[in-house]
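See below for the structure under consideration.
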Amino acid sequence: MRKALCFGAGNIGRGFIAQVCQESDIRLTFVDVNETLLALISEKHEYTIHLLDEERTNIVISNVDAIHSQDMEKLSQAVQEVDFIFTAVGPNVLKHVGATLAKIYEDNPHLSHNVIACENMVGGSSKLKEHVSDSLSVLPKNVQFLDAAVDRIVPMSQEAGSLDVKVEPSFEWIVETEKPLGLKDVIEVNDLEPYIKRKLLMVNGAHAFTAYLGLIYGHEMIDEAINNPEIEKSVRGLLSEHRVFLQHIFNLNENDLLKMEDKVIKRFKNKLLQDDCVRVGRTPIRKLAKHERLSMGIDTLISLNQTPHFAYLACAAATLYNHDDEGMKLSHMSEEELKKFLLGLELDEKSVNEIIKTRKTIKKVY
């Protein structure tokens, strides 16, 4: 049986990566720092994924194990035995995973496996490779870092003392690779960029925008927010702008993108997900950056003589999110401070002025 490690024993690791591994006949070990989760996994070795569909389908995940990320002896031995290393830790934690892997690779240059970062970011595996290289001059030649796009909504629904996780029934996992990986239902492509940007814009961008508008309108849950006609209209407006960008840059099929738009809205309206706006809106600064989900298409639309009205609205709404440290920092900025900050994110001055003007309008109305 093939083996894999997953850095990150949270909801994505347990509710997404573990299912694919089990269905691909791969034995999975989680790596984490959360001692409560590690103890539960080491004690039970199994849990249940609850699909949030009408049938309330359950999938039992079994034969999983756990290692503390600071137990370098056990972790080093495990890395030497695996076929895959996955991450589901969040972009900001990749540097720590990279430093850990660098220590192991330094003593084991002969290793051979695939590393796939399953993060909501463009080029996650490439970024992880950079972090490894920061501490290691020569990478093992048979370790391949494969960029991927992953898409599954996994709401924060864990109950105390339980490993069970609730997930939406549908998912998409696309990996850029030249060789077959043998991962069930994972799509393999030669060029990932169009797919990862399609997912980042059409799913993650729309999801975040729904959350920010939902909070502004006083909604707690994503399904409540998207069922507000005004919010759905605005989210569809952003999706329309993103569709123009994707067609222009990657020549993606318009009908396929329209179908995806309807599917995305339908997913957000799934009441069973119980996905809350505060969770979805986290880390607004990262989501505002020039090549990220809210602002990526702005320059292209301007070059096509179109006004990215809804992208401006999405960015403005993000600056009013105040439910985490990044949000508090943004929402308390003066107009001049915010302008300087947004310019520092590489947004052009005209767009920054439009975002700030839109922000002032939102604050007046709500």
Task: Amide H contacts of residue 66 (H built 1.01 Å from N, under 5 Å, at least 5 apart or other chain) - done: 30
TODO: Pop out the ³J(HN,Hα) list for the stretch 58-68 in order, Karplus 6.51 cos²θ - 1.76 cosθ + 1.60 with θ = phi - 60°, rounded to Hz; leave Gly and Pro as x.
DONE: 10, 10, 8, 9, 10, 6, 9, 9, 8, 9, 6
Task: Placed amide H near residue 27: partners under 5 Å, 5+ positions off or other chain - done: 2, 3, 4
Open item on the list: Strictly greater than 15 Å: what percent of every Cα pair in the stretch 110-169 meets that?
Closed with: 63 percent
Task: Pairs of alpha carbons in the chain whose separation is greater than 41 Å (percent) - done: 13 percent
Open item on the list: Placing unit charges on C-beta atoms (Lys and Arg positive, Asp and Glu negative, everything else neutral), compute the dipole magnitude of the chain about its Cα centre in debye, rounded to 20.
Closed with: 820 debye
Task: For the stretch 145-210 and the stretch 328-346, distance of Cα centres in Å - done: 31 Å
- [ ] Quick one: angle between helix 309-318 and the longest Cα principal axis of the chain, in degrees between 0 and 90, rounded to 10, please.
- [x] 60 degrees
TODO: Kindly express, to the nearest 10 degrees and within the range 0 to 90, the angle between helix 335-344's C-alpha long axis and the longest C-alpha principal axis of the chain.
DONE: 50 degrees
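For a quick check of your reading of the filter: which GluC sites (Glu not before Pro) in the stretch 332-363 sit in a DSSP loop and have no more than 16 other Cβ atoms within 10 Å? If you can, show how the numbers build up before the last one.
On the way: sites: 335, 336, 337, 346, 349, 354; in loops: 346.
Here the GluC sites (Glu not before Pro) that fit, given the DSSP loop and packing criteria, are 346.
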Task: With Cα atoms, 0 to 90° folded angle of helix 254-268 axis to the chain main axis - done: 80 degrees
Open item on the list: Give me the Å³ per residue figure for the convex hull around the C-alpha atoms of the stretch 54-102.
Closed with: 130 Å³
Open item on the list: Using amide H atoms built in the peptide plane, which far-off residues or other-chain residues are under 5 Å from residue 61 H to H?
Closed with: 47, 48, 49
TODO: Take every DSSP beta bridge whose two residues both sit in the chain, then give the antiparallel share in percent to the nearest 5.
DONE: 25 percent
- [ ] Take the alpha-carbon positions of the stretch 2-189, form their convex hull, and give its projected area averaged over all directions (one quarter of the hull surface) in nm².
- [x] 10.0 nm²
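Please give the net charge around residue 287, taking every other residue with its beta carbon less than 10 angstrom from that of residue 287, where Lys and Arg add +1 and Asp and Glu add -1. Walk me through the numbers on the way to the answer.
Values: positive: 282, 286, 293; negative: 292, 326.
Neighbour charge sum, excluding residue 287 itself: +1.
Relative contact order for the chain using alpha-carbon pairs under 8 Å, separation at least 6, rounded to a whole percent? Don't skip to the end; give the middle numbers.
Working: 638 pairs, mean separation 45.5, N = 366.
Averaging sequence separation for qualifying contacts and normalising by length gives 12 percent for the chain.
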Open item on the list: P(r) for the stretch 17-100, please, calculated from all Cα pair distances in 5 Å bins and given in %.
Closed with: 3, 12, 21, 24, 21, 12, 5, 2, 1, 0
Open item on the list: Averaged across orientations, what area in nm² does the convex hull of the alpha carbons in the stretch 193-365 project?
Closed with: 9.2 nm²
Task: Size of electric dipole in the stretch 193-365: Cβ of Lys, Arg +1 and of Asp, Glu -1, about Cα centre, debye, nearest 20 - done: 180 debye
Open item on the list: Could you tell me the center-to-center distance, by alpha carbons, between the stretch 270-297 and the stretch 38-68 in angstrom?
Closed with: 27 Å
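With a cut-off of at most 10 other beta carbons within 10 Å, and DSSP calling the residue loop, which trypsin sites (Lys or Arg not before Pro) in the stretch 137-190 qualify? Please list them. Please report the intermediate quantities before stating the final value.
Values: sites: 141, 152, 166, 184; in loops: 141, 152, 184.
Taking the stretch 137-190 and a limit of 10 other Cβ atoms within 10 Å, the loop trypsin sites (Lys or Arg not before Pro) found are 141.
Read the figures in this text as sums done on the coordinates, not as results from a lab. This structure is a prediction, so every number in the text was calculated from the model and none was measured. All Cβ positions, even for glycine, are placed from backbone atoms using ideal geometry, and neighbour counts span all protein chains on display.
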